[in-house]
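The values are calculated or read from the model by the stated rules, or taken from the named source; none is laboratory data. Just so we're clear, the structure is a prediction, and the values are computed from it rather than from any experiment. Positions of Cβ are backbone-derived with ideal geometry, glycine not excepted, and every protein chain shown enters the neighbour counts. Accessible surface areas use protein heavy atoms only, side chains included; no ligands, DNA or RNA. Shrake-Rupley method; radii C 1.70, N 1.55, O 1.52, S 1.80 Å.
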Amino acid sequence: MASRWPDLATRVYPEPYISLDGVDHFDRLPDSLLLLVFNRIGDVKALGRCCVVSRRFHSLVPQVENVVVRVDCVISDDDASSATGSSDKSRGPFLNLFRLVFGGIVKPLQALGQFLGPKRSSSASSSLAVGSGRPGDDDDDLDQGGVTHHSPTQVLKNFNEIKFLRIELPSGELGIDDGVLLKWRADFGSTLDNCVILGASSVVNPGPSKHFPSEDNGDVSCGNGCASGNGCANGNIGGVAADDNGSIPDSFYTNGGLKLRVVWTISSLIAASARHYLLQPIIAEHKTLDSLVLTDADGQGVLCMNREQLEELRVKPLSASSSSKRTLVPALNMRLWYAPHLELSDGTVLKGATLVAIRPSEQSAAKKEVSDGSWVSSAFEEPYGMAAKMLVKRRTYYLEMNSF
């Protein structure tokens, strides 16, 4: 028995393996295999750490095709208030009116440009912080608390072959009350191609039988409570209250329901156009891009651009809004669907569910609307994709909006 102990100890604490020929067999792994691993990693901060492991890694990381940039925070400068004040004066009466009427519902879109734009002078109100890099790399880097911060443009400048880029902001730009649903997805080329907005005045997740009080803004509830998965006590047809005839109630127009949906629509379009405007330097520098997605950790908004749309922006420069740093939103045709009460297959209940599909007026006139069902209903992940599919089957209301 005693003779077995040395063997056991050797197994638990093996001697370091030294190749007889003195070769590190890790170095024999092909570059293509290492690049496959790096592409699976994706996260730009993790890839930055890989760069310092070895010279070989340092030379391979810039060849990664799939990159994810997660924004950590926004750093405010000392003169933020003065810069914001001077900017507000130049934005004209429209923004002042917007804040006067809707300021209590929607957060101001403060310093969104600093999320993604290149470094600006000290007059900028805030700056994007992406991870921590090596101190002293660049004079334009922001240093706070001993941590060096970089803009996404700065972080990505050494990547040469990015094809799929995803940038994630720390939160959505639009402040909404708890329990309110607001999601949007926008596709851009040199200007807006399409946008889909899904909202609900309240969301009730699956659970025990609940009572849903009616709202002042015209959103009608079932009144008798719903058991998860079993429909309403007074009857549901396809997730919609049985007494719902598909029309918007008159109270929707008089008690604030319509105004709230207008706020959602304008705010989402402003947020999307601001994001698009600030992607210009990244798109111009990285001509290998096939796909660019700009989203946020809250899942509130998603901006998407495919290869054709990216190339369109490079060939045809965008038109900027004269009042703020964002892409000009063209004249729009919009279609709206509404359901006062919508129950999804998993038991989730949307009250005041609203879906808005938006396209530029010129594009709508030039293209047939045969593909509406696909691009509208596929804009959101489940369970909200199902909500979009259910809403497009209801009565359609048409609206128009001028360029802004």
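Filter the stretch 247-258 for residues that are in a helix (DSSP H, G or I) and either open to solvent by less than 10 Å² (accessible area, probe 1.4 Å) or in contact with a strand residue (DSSP E or B) (Cβ under 8 Å, 6 or more places away or on another chain) (or both); which is farthest from residue 186 (Cα to Cα)?
252
Filtered by the rule that a residue be out of contact with any helix residue (DSSP H, G or I) (no Cβ under 6 Å at 6 or more places or on another chain) and in a loop (DSSP other than H, G, I, E, B), the stretch 170-198 gives 170, 171, 172, 175, 176, 177, 178, 179, 180, 191. Of all the numbered requirements in (1) among the polar types (S, T, N, Q); (2) under 30 Å from residue 200 (Cα atoms); (3) open to solvent by 10 Å² or more (accessible area, probe 1.4 Å), residue 267 misses one, and that requirement is (3). Among the residues of the stretch 259-289, those that are farther than 22 Å from residue 358 by Cβ, touching a residue at least 60 places away in the same chain (Cβ under 8 Å) and not in a helix (DSSP H, G or I) comprise 286, 288, 289. A single entry from 284, 297, 331 fulfils the requirement of being of a type in the set (Gly, Ala, Ser), more than 22 Å from residue 259 (Cβ to Cβ) and in contact with a Ser or Thr (Cβ under 8 Å, 6 or more places away or on another chain): 297. If you go through the stretch 375-400 and keep only what is touching a helix residue (DSSP H, G or I) at 6+ places or on another chain (Cβ under 9 Å), outside any helix (DSSP H, G or I) and under 15 Å from residue 184 (Cβ atoms), you end up with 378, 379, 380.
Residue-wise test of (1) aliphatic (A, V, I, L, M); (2) more than 20 Å from the chain's Cα centre (by Cα); (3) over 29 Å from residue 282 (Cβ atoms).
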site: 355; (1), (2), (3): yes, no, yes
site: 363; (1), (2), (3): no, yes, no
site: 377; (1), (2), (3): no, no, yes
site: 388; (1), (2), (3): yes, no, yes
site: 395; (1), (2), (3): no, yes, yes
site: 400; (1), (2), (3): no, yes, yes
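Per-residue answers, yes or no, for (1) within 27 Å of residue 201 (Cβ to Cβ); (2) surrounded by 16 or more Cβ atoms within 10 Å (Cβ to Cβ):
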residue	(1), (2)
320	no, no
328	no, yes
348	yes, yes
379	yes, yes
382	yes, no
394	yes, yes
398	yes, no
401	yes, yes
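Looking only at the stretch 290-318, residues that are under 24 Å from residue 169 (Cβ atoms), assigned to a loop (DSSP other than H, G, I, E, B) and not acidic (Asp, Glu) come to 4 in all.
Screening residue 158 with (1) closer than 30 Å to residue 248 by Cα; (2) assigned to a loop (DSSP other than H, G, I, E, B); (3) at pLDDT 65 or above; (4) in contact with a helix residue (DSSP H, G or I) (Cβ under 7 Å, 6 or more places away or on another chain) gives one miss only, at (1).
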